[in-house]
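Peer 1: Below: one structure in structure tokens.
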Amino acid sequence: MDIISSYGTVLVLVAAAVGFFMAYGIGANDVANAMGTSVGSKALTIKQAIIIAMIFEFAGAYLAGGEVTSTIRKGIIDAAPFADIPELMVLGMISALFAAGSWLLIASFLGWPVSTTHSIIGAIIGFALVAVGSEAIQWTKVAGIVGSWVVTPALSGFIAYLIFMSAQKLIFDTNNPLDNAKRYVPIYMGLAGFVMSLVTIKKGLKHIGINLGTVEGYALSVAIAVLIGIIGMLAIKRLKMDPKADKAMQFNNVEKVFAVLMVLTACCMAFAHGSNDVANAIGPLAAVVNIVENNGELAKKAALAWWILPLGGLGIVMGLAILGKKVIKTIGEGITHLTPSRGFAAELAAASTVVIASGTGLPISTTQTLVGAVLGVGMARGIAALNMSVIRNIVVSWVITLPVGAALAIVIFYILRTVFGV
């Protein structure tokens, strides 16, 4: 307790620095979830993708990043054992942020898309184990996360496979792809509008005080879907395309339509990602600030200080701008060859999986969701279309994320205890 009263300001400043560092890591690694497929399919250049992602990620983080955030990320550890030793909780959260941010930086340099959520959870588990013991950890939640390594990519891969194969059958494998595109693309646009509206409503609006019930949320999403479908139908009818053009030219025109569609879905994914995953950086930071401000008292919920959300948003944007391109290239180009229609199928499948997971409470990683969706699109063209060495590296990086985060947090936690004499 003396540590908190003596070094309160120092602890908050250190926590703010490592919180920014963690947000930087999220930007460097996780933003590929929204933009990787757009770059890989050549719908956007890497520079355009980074500029768009910076705008929408920051908007999502700042506008919808959470008025109130739970002090213990995802309920992974129990705060009760720390009631008499709040200084260990403070040092632990700082070490967890530093450890998770360090792992994200290493993974980003290597071009590995890892889960930022699993990085911070692994780090929190690590410090809790050595601070108070295994009884503080909710092991059933940890088991759910490990299970999601298989369930999440499999589900999004299956949905992506279905979306891509339906586009092939209904549009690309027909005698007149252009006419069929005019008929079916508005339906895909409406479906994308529906899913993206749901993602934004479930992941974003609740944080800025707009709490729509399930029925209202679905009703609004359906209305938006119908509107987007109608706009899409009118826009495609206005497109001047030569009906006598050969099939290759028709394919190119259809792909251009999917390219526009995919940029829109990428913007929505970036907004939803910013609103959701900024909590991985600001949740532990808010916990530290709250404990220091309350002189060591542990609150179940931590009200956010005004400066925390912009700090997290700025960190994400800087990480994306400086180091984001490596992981974007891995997802967009390393796994399989993407065209706009394939990229759209992957993006829509990832967003659909996020919606399903939100509704069922499945612990989810947006990274694993999108990688699974890209794999699903690749599988639709046969196993030869996949780059197995890249996939192997990605899977290994997923498996080691939790233990590496935990190990780094333990080392940093012991160093901090020594420095502060706890």
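The values are calculated or read from the model by the stated rules, or taken from the named source; none is laboratory data. Note that this is a predicted model, so its numbers are computed, not measured. Reconstructed Cβ throughout: ideal geometry from the backbone, glycine too, with neighbour counts over all protein chains shown.
Peer 1: Which members of segment 19-47 meet the condition of being under 18 Å from SER365 (Cα atoms) and out of contact with any Leu (no Cβ under 9 Å at 6 or more places or on another chain)?
Peer 2: none
Peer 1: How many residues, within segment 1-34, are assigned to a helix (DSSP H, G or I), modelled with pLDDT under 85 and not acidic (Asp, Glu)?
Peer 2: Counting residues in segment 1-34 that are assigned to a helix (DSSP H, G or I), modelled with pLDDT under 85 and not acidic (Asp, Glu) gives 9.
Peer 1: Just name the residue that is farthest from ALA192 (Cα to Cα) out of those in segment 219-277 that are among the hydroxyl-bearing types (Ser, Thr, Tyr) and at pLDDT 80 or above.
Peer 2: Going through the qualifying residues, I end up with SER221.
Peer 1: Still on this structure, I have one more. Pick from segment 155-206 the residues that are in contact (Cβ under 8 Å) with a residue 60 or more places away in the chain and outside any helix (DSSP H, G or I): which of them is farthest from SER275 (Cα to Cα)?
Peer 2: If we take residues in segment 155-206 being in contact (Cβ under 8 Å) with a residue 60 or more places away in the chain and outside any helix (DSSP H, G or I), then ASN176 is farthest from SER275 (Cα to Cα).
Peer 1: Can you name every residue in segment 155-171 that is of a type in the set (Ser, Thr, Tyr) and buried (at least 17 other Cβ atoms within 10 Å of the Cβ)?
Peer 2: SER156, TYR161, listed by residue number.
Peer 1: Could you give every pair whose Cβ atoms fall below 6 Å, whose first residue belongs to segment 83-104 and is under 16 Å from PHE21 (Cβ atoms), and whose second residue is of a type in the set (Ser, Thr, Tyr) and assigned to a helix (DSSP H, G or I), counting only separations of at least 6 or pairs across chains?
Peer 2: If the second residue must be of a type in the set (Ser, Thr, Tyr) and assigned to a helix (DSSP H, G or I), the pairs left are ALA100/SER119; TRP103/SER119; LEU104/SER119.
Peer 1: While we're here: Is it true that ILE415 is surrounded by 18 or more Cβ atoms within 10 Å (Cβ to Cβ), among the hydrophobic types (A, V, I, L, M, F, W, C) and modelled with pLDDT of 85 or more?
Peer 2: Considered against the rule, which asks whether it is surrounded by 18 or more Cβ atoms within 10 Å (Cβ to Cβ), among the hydrophobic types (A, V, I, L, M, F, W, C) and modelled with pLDDT of 85 or more, ILE415 comes out as no.
Peer 1: Another question about this same structure. Which members of segment 1-40 meet the condition of being touching a His at 6+ places or on another chain (Cβ under 9 Å) and closer than 18 Å to PHE344 by Cβ?
Peer 2: Listed by number, the residues that qualify are ASN33, ALA34, GLY40.
Peer 1: Something else about it: If I filter segment 108-154 down to residues being of a type in the set (S, T, N, Q) and touching a residue at least 60 places away in the same chain (Cβ under 8 Å), which single residue comes out as surrounded by the fewest Cβ atoms within 10 Å (Cβ to Cβ)?
Peer 2: For segment 108-154, the residue satisfying everything is GLN138.
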